[in-house]
Amino acid sequence: MADMRAFQAAVDDWATGGPERPARDLAEGLGARTAVLLEGLSDLAAVEALAARRGRDLAAEGVCVVPMGGAMSVGRYAGLLGPPGLGLRLTGLCDEGEKGFYERGLTRSQAPLQDIYVCTADLEDELIRALGTAGVEEIFRAEGDFRAWQSFQRQPAQRGRPRHRQMRRFLGTKKGRKIRYGRLLAEALAPDRTPPPLDALLASL
C-alpha cells in the first residue's frame, strides 16, 4: 500500500508539471499493467474497501488506482498513464454527469471507451440504493452521526426531499465525510448487493 500511495503522489506531481521518472520507476517496481482513473478520494476509499472485502490486493495484481481530483483532469491523467505515456491499460469509474469528460479524455489517449463504468447519479447514490436508507442510517448510528443526520433532515431545504437524496447531500456537508463513508458503505455491502458499476469494474481488473 505504501508503494501505491507513493505512485499516486508521483503521478499527481507529474500531472502538475513535475518529473516523469519517479512515476515511471514506481510503476515498473509495482509491475503496473492497469490504471483505474477515479474522480476523487471517496471513490478511491470505496474501490479499495470493496477489493479488500473480496480478498484482492490490487497493487500486487499490478492495478494502480488513481484519484484525479475531478473528472476534468481525466485527459491529462489518461495521457500520462495510457498509451502516450506509461502504456498502461486504462479503465475508470465516474458519475453519470461526468461521462463526457471520460469519453473525450480516453479518446484522446487512444484508450477503449468500453472500459468506463458509469454510476447512476454518483457513487454515493449507488451505495445508498444498494444498502437501503435504513441500512445507511444504522451505519450513521454506529459512527455517532445519527443525531447530526436527524438535525440535517429538519433543515427547511431538506423537507419533502426523498430520503436517499437527503443522504447524498448529508455525506457532502462535512469535510472528509464522503471519504470516510465511501469506505464504510462499501464495507457494509452484502456480496450480492454490490452496485453494478463497481461490480463490473472489479470484474474487469
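Using the Cβ-Cβ distance between His164 and Ser204 with R0 set to 35 Å, the FRET efficiency from 1/(1 + (r/R0)^6) comes to roughly 0.80. On the beta carbon distance between Asp13 and Thr120, with R0 = 35 Å, the FRET formula returns roughly 0.55.
Extension gain for Ala134 to Glu61 (0.36 nm times residue separation, less C-alpha to C-alpha distance): 22.7 nm.
Each residue was assigned an accessible area with a 1.4 Å probe, and for Phe152 the value is about 10 Å². The calculated FRET efficiency for the pair Glu143 and Asp3, based on their C-beta separation and a Förster distance of 22 Å, comes to about 0.15.
Rolling a 1.4 Å probe over the protein chains gives Ser151 an accessible area of about 60 Å². Near Arg89: Cβ cut-off under 14 Å, other residues only, Lys/Arg at +1 and Asp/Glu at -1. The net charge is -1. Look at the alpha carbon pairs under 8 Å that are at least 6 residues apart: their mean separation over the length of region 35-110 gives a relative contact order of 40 percent. Normalised Debye scattering of the chain at q = 0.07, 0.14, 0.17, 0.18 Å⁻¹ gives log10 I(q)/I(0) of -0.22, -0.81, -1.11, -1.21, counting only Cα atoms as equal scatterers and leaving out solvent. To the nearest 10, the accessible area of Ile139 is 30 Å² with a 1.4 Å probe.
Looking at region 58-108, which GluC sites (Glu not before Pro) are DSSP coil and have at most 15 other C-beta atoms within 10 Å of their C-beta?
Passing sites in region 58-108 are Glu61.
The values are calculated or read from the model by the stated rules, or taken from the named source; none is laboratory data. Just so it is clear, the model here is predicted, and its values are computed rather than measured. Reconstructed Cβ throughout: ideal geometry from the backbone, glycine too, with neighbour counts over all protein chains shown. Accessible surface is based on the protein model in full, side chains and every heavy atom, while ligands, DNA and RNA are left aside. Shrake-Rupley method; radii C 1.70, N 1.55, O 1.52, S 1.80 Å.
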